[in-house]
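**Student:** Would you mind keeping the following structure in view while I ask a few things?
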Amino acid sequence: MTAIPLADLPEDIATHVEELGAKQVNLYRALAHAPELLRAWIAFAWALRGHETTERRLRELMILRTATLHHSPYEWHQHRRMAREAGATDYEVAELEMWRTSDAFSDADRAALAFTDAIVAGQVPPAVTQELMRHFDESQRVELTVTAAFYSIVPRVLEALQVPIEEPERTAG
């Protein structure tokens with residue numbers, strides 16, 4: 001049961017999603033009731049995904065961390081594959097819960113993950129900002145900030161609209 005029925009995407013949005021090489025995921029189908037917001041959502045999300053001042057692998061790990069902290073199985077489900085495609089190893093993903101002490105992460109990774117945790121908590125202590133500044137320039141810090149903040153919004157939208165995880169695609173047998 002969803003809080004809002006899943007809808008078909010307007011034709012122009014469906015075409016755009018296909019051109020992006022993406023799927024018509026349930027989140028998009030829930031947001032389709034407000035086409036202008038969906039267009040803006042897709043434009044923003046894809047601009048963020050394509051912005052490359054930091055490595056995509058790190059940003060995907062940050063997104064998985066937000067999914068964990070927000071208890072969002074949908075976000076985890078969607079971004080686990082994307083993290084793998086971006087070069088995150090199964091070991092890194094398995095170690096996310098223990099990122100502070102795990103040898104899977106560099107000091108820069110830890111700074112970004114600490115920053116993610118702080119953004120999700122709603123307060124970024126000066127020490128976290130200072131450590132982030134040691135590893136990333138201004139442009140990179142903006143990108144990391146927007147990544148952690150945007151992907152903290154996603155689980156709230158998913159939960160409020162009760163968006164279900166997509167059914168696995170069945171192949172004809």
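**Student:** Identify, by number, the condition in (1) open to solvent by 40 Å² or more (accessible area, probe 1.4 Å); (2) more than 26 Å from Leu158 (Cβ to Cβ) that Arg81 doesn't meet.
**Tutor:** Exception for Arg81: condition (2).
**Student:** Follow-up question, since we're still on this one. Got a sec? Which of Ala88, Ala67 is over 16 Å from Leu144 (Cα atoms) and crowded, with 17+ Cβ neighbours inside 10 Å?
**Tutor:** Ala88
**Student:** Could you grab me the full set of residues in segment 105-124 that are closer than 22 Å to Ile153 by Cβ and assigned to a loop (DSSP other than H, G, I, E, B)?
**Tutor:** Selection gives Gly122, Gln123, Val124.
**Student:** Something else: Restricted to segment 136-165, and to residues that are out of contact with any Leu (no Cβ under 9 Å at 6 or more places or on another chain) and outside any helix (DSSP H, G or I), which residue is surrounded by the most Cβ atoms within 10 Å (Cβ to Cβ)?
**Tutor:** Of everything passing the filter in segment 136-165, Ile165 is surrounded by the most Cβ atoms within 10 Å (Cβ to Cβ).
**Student:** So in segment 67-104, with the set limited to residues that are touching a residue at least 40 places away in the same chain (Cβ under 8 Å) and in a loop (DSSP other than H, G, I, E, B), which one is nearest to Pro164 (Cα to Cα)?
**Tutor:** Result: Ser72.
**Student:** Look through Met133, Met62 and report the one residue that is among the hydrophobic types (A, V, I, L, M, F, W, C), open to solvent by less than 40 Å² (accessible area, probe 1.4 Å) and part of a helix (DSSP H, G or I). If you could, list the steps in order and put the result at the bottom.
**Tutor:** Details: Met133 fails: open to solvent by less than 40 Å² (accessible area, probe 1.4 Å).
Answer to the check: Met62.
The values are calculated or read from the model by the stated rules, or taken from the named source; none is laboratory data. Note that the coordinates shown come from a computational prediction; the quantities given were computed from them, not determined experimentally. Note that each Cβ is placed from the backbone with ideal geometry, even for glycine, and that neighbours are counted across all protein chains shown. Side chains are part of the model used for accessible areas, which takes the heavy atoms of the whole protein and leaves out ligands, DNA and RNA. Shrake-Rupley method; radii C 1.70, N 1.55, O 1.52, S 1.80 Å.
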